[in-house]
Structures are given as structure tokens and as C-alpha cells.
Amino acid sequence: MKKSFFLFYIGVCVAMITSCGVMNGNGGSGGGFNLFTIDQDRELGAQVAFEIDSNSREYPQLDSVSNAKVYKYLYDIRDKILNSGNVDLKDEFKWRLRIIKDDEVLNAFCTPGGYIYVYTGLMKYLDTEDQLAGVLAHEIGHADKRHSTRQMTTMFGIQLLLDVIAGDKVALKQVSGALIGLKFSRNHETEADECSVRYLCPTDYNADGGAGFFEKIEAEGGGKVPAFLSTHPDPGNRIEFFHTKKAELECKGANDYKDQYAAMKALLP
């Protein structure tokens, strides 16, 4: 198919909002229209990762050599999740991990293409390994279901996305910049919560470990609720969702590895 005709075809698809977009199947795209391909998810993710990794003032990262034990700990958790058999794009994306040294931020995020970032603030705030596994599984779910590029499809005008598809580097940089601070919709957050339980269910973790983050926030009166959660489902509803989904899927794992987690936190600077 010639490039000019391909761009015209995509333009018609977007204008009509038909099923020409990437839907379920062939790559864990989740529900919803997505103009981007999996290859373009990888390209966008690499661009966003480059922007983050080049900005040490805003995103200071722990060195992976001098903090090798902590990184190995995280990669071991990641591998358990990826080897659950439920991550559709396990072999398609990088799933690279980086730790951002900022004890004031309770956050983690994953770009398109599977570049995962975790803040030391979140790691120190959580109490058990299954809680961190639940958060990582949630973030992996966002990338696996391609939420970022699905949201980009609805956020940006047709022409900008066509420019990205055509290989325009300026347009790519504009879109990748927006991805760094992207806030997901309620539906995407709920889908990622479900992914968290599904990914952990075949492991020996408590499959509803992701609820621990919200349970701790509620126990403290909600005073530490991160700003990025302000527009998302109520923590109480999310806690119930995690527990209900675990029961529905009849997940048997029960380990939280609290002692091992405490030992890992002691290694953090």
C-alpha cells in the first residue's frame, strides 16, 4: 500500500471513528480506538524514556550499579508478573525499570513500550512486597493495554497523529512530551486495577496486593492522597474492587514477603 493512500485511509478511519483503529486482539490493546500501532508504542516509549533519562534535575535516578541489589529485587518482581502468562505484550515491550530518587512522591508510571519508573517515595511508603507487586502490575497493565496511546488518539487532533505516523520527529516529540504527565481516565484505571489482580493471580503473591496502597492511605485519613489520584475512582471503591476481583478469580496466593521488603527498603539511600 502506498504511503499517501495509507495516510488517506487512516484519516478516513479517524474521521468516521470506525473500527479501523487497533482494537482488541493482536497485542493487548484493550477496548477502545487506537490509531497507533504496537511499533509506534515502542517508538513513543523510547522517546519518552530518552526525555526522562536526560532530565536528571527533575527525574534523578538511582544508579543501577551502586544500587544493584535494589534493582535486582525490582526486576525479580517484574519477572514474576511477566511470567504469569497473562501479560499480552510480554515479548513485545522492553519492561525496563528505573528508580527515581524522590522521597516526597508516591508514584510509579510506565510509558508506552514498557519503560517503568518507580519513585523511592512510593517504595518507602509501602510495607510489603505484594503491595509493590500490585502497583507494578497496575502500571504494566497500563502499557499492556496500551492506555497511553489510546488516550492520545482521543486527545490530539487528527493531523498531529497523522504526522506522527508519517514519521514527523517534531510531532513525535510533542506527543511524547504530553505522555510524561498523562493522567488516565477512570475506565483505564479500573482496567489497570483488574490487570493487577489478573497478573498476580497465578503467582504466590496476594493477588489483591495493589489494594494495600489505598488501604494505607485510608488508614491515615487520606492526607497523603497523591494529586494524580484526585480525578480517579474513590480509594474505598478501588479497595473493594481489588478484593472482589481476587475472590472472583479464586486466586490462591497468600505471601506478602514483608521481611524481605523491609530488608530491601533498608538498602535505599
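Annotations
- Within the range 97-254: Cβ-based charge dipole about Cα centre, in debye rounded to nearest 20 (Lys, Arg +1; Asp, Glu -1): 600 debye
- Burial ordering of Val48, Val70, fewest other beta-carbon atoms within 10 Å first: Val70, Val48
- Residue-count net charge about His188 - beta-carbon cut-off 14 Å; Lys, Arg +1, Asp, Glu -1: 0
- The count of lysine pairs in the range 117-269 whose Cα atoms are under 25 Å apart, excluding pairs fewer than 8 places apart on the same chain, comes to 26.
Bear in mind these aren't lab numbers, they're just calculated from the coordinates by the rules spelled out. In this text the structure is predicted, and so the values were computed from the model without any measurement. Every residue, glycine among them, receives a Cβ derived from its backbone with ideal geometry; neighbour counts consider all protein chains shown.
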